[in-house]
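Encoded as structure tokens, the structure appears first; notes follow it.
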Amino acid sequence: MPFRSCFPLLVAVLLAAGMTTYYFALLIPQVRAVQIKRDLGEGYYFGGDFYPIWLTTCALQLEHRNPYTDEMTRKIQTGLFGRDLSSMRPGDPPPHYRAFSYPLYADILAWPLARLSFREVQILLGFSFSLLTTATLLLWLRGLGVPLKSSSIAAFLLLYATSYPVLEAIFALQPTLLVAFCLAATSAALTRGRYHIAGTCLAVGAIKPQLTIPISVWLLFWALSAWKKRKGLPLSFAFVFLLLLATSERVLPGWFELWRAALLDYRQYTQPPLVELVLGRILGGATALLLLLLTVIRGWQARHSAPAQEDFVRTLALILAVTILLLPTGGAVYEHVLLIPALLWLYVHRHEAAKNSTPLRWTFTLLPAALLWQWVLACGVGIAASIRPAWRHSPQMLLLPLRLAAPLPFVVLILMGTMFLRRGLNTSTQRVLP
């Protein structure tokens with residue numbers, strides 16, 4: 001029995017070691033080599049996603065400079081690539097690539113970091129984001145009420161922390177990890193009835209509005225359905241969010257229009273939503289509308305649910321999963337960290353799927369395959385590259401562990417939708433039968 005209970009943890013340790021070796025010893029050096037060949041590899045690589053926030057925060061605090069100007073964009077590009085980008089150079093990204101596209105209150109929240117060098121910020125945030133990753137999973141487990149043994153929690157944590165989206169986010173110092181932590185803290189606070197804390201965390205998570213708007217809209221609507229009990233959520237959210245907006249306006253009057261213009265430039269070089277990237281514009285657009293409609297219906301049905309109830313948990317998980325498919329940045333795999341609530345919900349109800357129809361059981365087997373693919377293939381690529389060093393430079397070989405990154409959100413939503421449908425049919429049957 002002790003060996004059986006420790007076996008999943010042992011497997012998780014081996015898979016985590018294989019994925020970490022693959023990412024840092026094989027994938028990152030090869031990507032870096034490609035950037036150097038394109039004359040884009042002389043700047044900061046580790047922490048590149050946070051560099052625009054740090055640089056504009058320094059410029060705003062120390063020099064009172066507007067972070068949304070073309071001059072600041074060139075400074076960001078020089079820091080990240082060693083030079084600014086030009087439309088006259090073949091192979092260069094668009095001229096506004098990596099321009100500051102966050103709301104100004106992202107700089108306000110990063111205010112204390114302006115006195116540090118970026119090397120110091122890399123060390124501080126590299127350590128802090130790793131801790132945030134651990135805390136995020138633990139908060140989701142508490143907020144969603146997932147019953148797990150300590151060995152299972154350790155195995156989940158190892159696999160989560162070494163999944164490709166998380167490694168990508170930590171290496172880039174991607175603020176999505178902070179947003180994921182805020183959403184997990186919101187869920188945990190709601191479960192314990194701490195509505196003011198939940199509203200505060202939700203407001204701070206708005207540094208990436210595209211991630212938090214759908215879940216924020218539903219949670220605020222959910223709070224309005226029982227105002228006397230839940231009013232702490234919208235009131236604290238409004239107070240903190242308005243404080244961030246007012247402070248931003250005080251620091252840089254008219255920043256909102258500047259940010260809106262930056263978003264228009266951002267849309268010109270970012271990838272379309274994942275649903276369109278995979279299914280095409282027409283079919284993807286129709287699928288997006290259908291998902292929005294189903295999510296609105298599900299949100300309306302769960303408006304009276306308590307945070308610890310089944311309806312609330314699965315609605316929250318569904319909204320975050322749909323958000324990933326509808327994000328305007330379809331290629332941002334690190335956003336998949338928001339799939340954790342849906343994956344945990346499916347894990348809790350795995351036995352229910354096994355008792356259902358054969359198609360559902362077959363579909364459910366796709367999930368472990370889609371999940372474990374990245375770790376298993378990463379270990380395989382690492383072993384193959386050690387036997388035949390030439391494969392270290394083969395793009396086809398190095399990208400194998402990442403092939404199922406795009407389909408994973410679709411698999412999760414198909415499974416959730418199938419289980420919702422089965423439950424609805426079973427409920428309807430029970431009402432009809434005597």
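Where a number appears in this text, it was derived from the coordinates with a stated rule and is not lab data. Quantities reported herein were computed from a predicted structural model and do not represent experimental measurements. Quick reminder, even Gly has a Cβ in these numbers, built from the backbone with ideal geometry, and neighbours come from all protein chains shown.
List the residue ranges in the chain for DSSP H helices whose C-alpha atoms run 18 angstrom or more along the long axis and whose Kyte-Doolittle average is -1.0 or above.
Counting only whole DSSP H runs, the qualifying helices are 2-21, 118-144, 176-191, 209-224, 232-251, 255-269, 281-301, 310-326, 358-387, 407-432.
Mind counting lysine pairs for me in the chain? Cα separation below 27 Å, and the two need to be 8 or more apart along the chain or on different chains. The partial results should precede the final answer.
On the way: 37/75; 75/208; 149/355; 208/231.
Here the count comes out as 4.
Only Cα pairs under 8 Å and at least 6 apart count here; give the relative contact order of segment 156-245 as a rounded whole percent.
Computed over segment 156-245, the figure is 27 percent.
Kirkwood hydrodynamic radius (Cα pairs, Å) of segment 366-411?
Hydrodynamic radius (Kirkwood, Cα pairs) of segment 366-411 is 11.1 Å.
Can you give the calculated 222 nm mean residue ellipticity of the chain, where each DSSP H run of n ≥ 4 adds -39,500 (n - 2.57) and the sum is split over every residue, rounded to the nearest 500 deg cm²/dmol?
-23000 deg cm²/dmol
If we count other beta carbons within 10 Å of each Cβ, what is the order of 304, 64, 349, fewest first? Show your work: numbers first, answer last.
On the way: 304 12, 64 9, 349 17.
With the sparsest Cβ surroundings first, the list reads 64, 304, 349.
Let me know the volume per residue of the alpha-carbon convex hull for segment 161-229, in Å³.
Values: hull volume 6.1 nm³, N = 69.
Per residue, the Cα convex hull of segment 161-229 comes to 88 Å³.
How high is the relative contact order of the chain, given as a whole-number percent (alpha carbon pairs under 8 Å, six or more residues apart)?
In percent, rounded to a whole number, it is 17.
Taking every pair of Cα atoms in the chain, average 1/r, invert it to obtain the Kirkwood radius, and report Rg/Rh to two decimals.
0.97
Where the eigenvalues come from the Cα gyration tensor of segment 29-145, what are the semi-axes √(5λ) of the equivalent ellipsoid, largest first, in whole Å? Walk me through the numbers before you get to the answer.
Working: eigenvalues 157, 80, 36 Å².
Its equivalent ellipsoid spans semi-axes of 28, 20, 13 Å.
Charges at C-beta only: +1 for Lys and Arg, -1 for Asp and Glu. How large is the resulting dipole of segment 1-108 about its Cα centre, in Debye rounded to 20? Write down the numbers at each step before the final one.
Details: 10 positive and 9 negative charges, 76 e Å.
Magnitude of the dipole: close to 360 debye.
Please check: in the Gaussian network model of the chain (C-alpha springs, under 10 Å), which one of 302, 226, 17 has the largest mean-square fluctuation.
Comparing 302, 226, 17 in the GNM, the peak value goes to 226.
Taking the Cβ of each residue in 168, 276, 71 as the centre, tally the other Cβ atoms inside 10 Å and list the residues starting with the fewest.
Least crowded to most crowded, the residues run 71, 276, 168.
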